[in-house]
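Here the structure is laid out as structure tokens; the discussion comes afterwards.
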């Protein structure tokens, strides 16, 4: 049965339950493993990164699979996928896969085919010059940035996602194609605190953030929203019931209590937060997922806010690069950004990355005490002298 | 060995299923693409075509041109939708604010997830994206595909949608971006009847579970991540499609503690492959690493000269438990002290392999910061054997869900519920004892919630008995 072309296809709106198939689940994975993967499933012995973006996995059977990893936009067109299919048909027996970080992997069972594939991929560019399939994203480098929808598809963003990722990766391209860092650096991007991208455990996280309390659409509050739910949605209890001058039920907001999380807007369309001047980007650093050497860590806020400079975010790019470069030049082999910051002390991190430390960076939310330093062990940096001076402790 | 699907799989042949002819698929030249201008003025968007990283704008434009040149009756969504989307992006840059309306409840009959309503708030300016609904298509495990399948999806989505999608969304699904309400049921029917493919989860459902590459191409994998993920996904289809939970619930399956799908940070129930015997050592390969014959860390650091490999400094010295040493030229590991952090194995994959007696650790409760702050999953069950059909794991899942559905507040994630009630209550639910591995350190306050039955005589006391001994 071919894909149908009638306007409503196989669906009959007169009888919506007719022939309805449900709960089929995803298609089974085994049929999509290339033969070399099927025959060596569970038998892989070791792997090696031959060059950035090129991996070989060697099986107990002696079989080898060569993988070419290419960066990609997770937002793509069917035209782009058709081009991938053409490549996969030509070199990879019609198979390909995507990684959890939105890279595309082409696999082949011989070195010769891999070399031909590599050459082909390197030559493919969009008419305006960007690579279609840049090879890299392996080892001690920067792989693809995972991200969220932004202005292309989301109703709550405080910034855009695809454009920021494009700008940052253009800037860090050498690290995508190289393996010169002390360890891998995982960058993630989420365009609001809802964090569809769950960026909270990344070496560097870029996070869109609002800075103005919601503006209330009193006209429709009562008719379109459940007021008790809106009130309950606020984690700081800043929202309370109110009445408009003409007696309509609505809410009021204690502005100084608002932490701009947007949870109320998720529950109710009558309290939008988005604002051109208010919205911007927060940078977090030092998180990780892996259990390697040190335990998984949350990312910490290191830049409280930068403006949304569409479409290329020069300030955000410069800050990210500054952190990466300071890390690259100072961290020890195998040290992730967070491990490095911990070893040298966060005071030194701010100094080496040339980032100002402001009171915004000291936690004053729920578990703030966990981050207070309660020891006399610290390092002297310029920030420390400034405090001593301000307190009259030194000249 | 081969894994078997729960339902027989129809073989999909693009040649038999396709909508578009080769001529239609190759309907523009590179020259035309170079000269192509979208119908809106989009200077900032155009700016994003520069630079080496793949440009989503350049890609979108070829889809826009391709659609423009297709006959009008060969698509059911207006051909200009890609151009309109780029136009709206430009306006969003200008305004510094998104132009998608809040919410909109749409879906397919009988499902409470898989479709997310989206409407433009600039419908007059950009009519072809007035509706721009999302459909989540449940990805295959580890995102392996063949070209027949992908080409079918492409034809389907170009014909009944915008031709734009995410490979993949953050949770793992293939995300079809942009269609009108009218086409939701037809797309669902085509997916199910022709491609034998279901939607994924959204809303207060089980979200589409996802897994790492696992044993398909990784020597570290301790569990069959794809099979576990597939079997639990198909077994819990009802929970995936019909919202019955307080909020979302995610399963993620990592094959080893390196955690490539981030289960420890991103899933309510994290399955992380591990082993309980000894790391397998090939002493000859250890020597080869020491002798510099094999690059450390599989060559991951080859881009910079880090000097000669030093096993003492780079492996033994960095071991978090200090459970390794060299003896008579051999690498020794005191495995009972090892916490399986993977560092030594990552550095010397040809010399060291995870043990052979494998299973997974189960951790619970990770979530992003909203609202009370981010949480990582808490180590709760140290080792579970993972054998199909995973009945032992399903039993655990159901205990957890029963409790969460009973006690969880609206929009309360499991991790928040665990915090609200405390781990001791959670252990009661799971019917397991406490262990020191559940915490980094014991509590430093003595505010233990003793129960009446813990204390001889219980809590019921008579004040008169007390007063008989103690005057007021």
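The table for this structure:
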read-out	value
Kirkwood hydrodynamic radius of segment A:146-224, Cα pairs, Å	14.4 Å
Longest to shortest principal axis, alpha-carbon extents of segment B:201-261, angstrom	38, 19, 12
Area projected by the alpha carbon convex hull of segment B:104-197, averaged over all directions, nm²	6.3 nm²
Whole-Å distance, taken between Cα centres, linking segment B:80-116 and segment A:74-107	26 Å
Gap separating the Cα centres of segment B:420-469 and segment A:258-305, nearest whole Å	37 Å
Relative contact order for segment B:381-472, counting Cα pairs under 8 Å that sit 6 or more residues apart, in percent	16 percent
Under 19 Å from the residue B:36 label point (7 Å along Cα→beta-carbon), backbone N, segment A:76-91	A:76-87
Directionally averaged shadow of segment B:197-341, computed from the convex hull of its alpha-carbon atoms, nm²	11.6 nm²
Evaluated over segment A:194-243, the Cα radius of gyration and Dmax, each in Å	15.1, 46
Viscosity 1.002 mPa s, 20 °C: Kirkwood-radius Stokes-Einstein D of segment A:266-370 over Cα pairs, µm²/s	137 µm²/s
From the C-alpha gyration tensor of segment B:1-94, square roots of 5λ in Å	33, 19, 14
Residue B:288 versus residue A:21: modelled label distance in nm, points set 7 Å from Cα along the beta carbon direction	4.9 nm
Helix B:56-69 vs. chain B, principal-axis angle (Cα, 0 to 90°, nearest 10)	40 degrees
5 Å binning of all Cα-Cα separations within segment B:318-422, expressed as whole percents from 0 upward	2, 9, 15, 16, 13, 12, 12, 9, 6, 3, 1, 0, 0
Partner chain coverage, peptide B:148-160 - average Cβ within 10 angstrom	5
Relative packing of B:365-371, A:56-62, which averages over residues the other C-beta atoms within 10 Å, highest first	B:365-371, A:56-62
Equivalent ellipsoid semi-axes - Cα gyration tensor, segment B:362-414, angstrom	24, 15, 7
Computed over segment B:154-225, Kirkwood Rh from alpha-carbon pairs, angstrom	14.2 Å
Cα-based convex hull volume of segment B:419-472 per residue, rounded to whole Å³	154 Å³
Diffusion coefficient, µm² s⁻¹, Stokes-Einstein with Kirkwood Rh over alpha-carbon pairs of segment B:74-128 at 20 °C and 1.002 mPa s	168 µm²/s
Alpha-carbon gyration tensor eigenvalues x 5, square-rooted, for segment A:1-152, Å	33, 22, 15
Cα coordinate range in segment A:259-313, projected on the principal axes (Å, largest first)	47, 30, 18
For the protein assembly as shown, Kirkwood radius (reciprocal of mean inverse C-alpha pair distance, Å)	28.5 Å
Crossing angle, helix B:81-95 versus chain B [Cα axis fit, 0-90 degrees, rounded to tens]	60 degrees
Span from the segment B:1-61 Cα centroid across to the segment B:166-223 one, whole angstrom	19 Å
Mean Cβ neighbour count within 10 Å, used as a protection proxy, ranking A:265-273, A:382-390 highest first	A:265-273, A:382-390
Peptide A:245-255, shielding by other chains (average Cβ, 10 Å cutoff)	0
Cα-based convex hull, segment B:369-472, per residue volume (Å³, whole number)	200 Å³
Calculated Rg and Dmax of chain B using C-alpha coordinates, Å	27.9, 102
Rg/Rh (Cα only; Kirkwood hydrodynamic radius) as it applies to segment A:217-324	1.13
Principal-axis tilt of helix B:225-235 within chain B, Cα atoms, nearest 10 degrees	80 degrees
Scaled radius of gyration (Cα, divided by 2.2 N^0.38 Å) that segment A:315-357 gives	1.08
Beta bridges by DSSP in chain B, antiparallel share as percent, to the nearest 5	80 percent
Label-to-label distance, nm, for residues given as residue A:373 and residue B:410 (7 Å Cα→Cβ offset)	4.5 nm
Pairwise label distance in nanometres, residue B:444 with residue B:277, each label 7 Å out on the Cα-Cβ vector	4.2 nm
Inter-chain Cβ neighbour average for residues A:267-273, partner chain, 10 Å	2
Cβ crowding within 10 Å averaged over residues, with B:52-63, B:25-36 ranked highest first	B:52-63, B:25-36
Evaluated at q = 0.07 Å⁻¹: base-10 log I(q)/I(0), Debye formula over Cα of chain A	-0.45
Estimated FRET transfer efficiency (residue B:10, residue A:222; beta-carbon r; R0 45 Å; 0.05)	0.30
Area projected by the alpha carbon convex hull of segment B:26-180, averaged over all directions, nm²	10.7 nm²
Size-normalised alpha-carbon gyration radius of segment B:268-352, reference 2.2 N^0.38 Å	1.14
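Every number here is computed from the coordinates shown, using simple stated rules; none is lab data. Because the structure is predicted, anything quoted here is derived from the model rather than measured. Because the Cβ atoms are built from the backbone with ideal geometry, glycine has one as well, and the counts that use them run over all protein chains shown.
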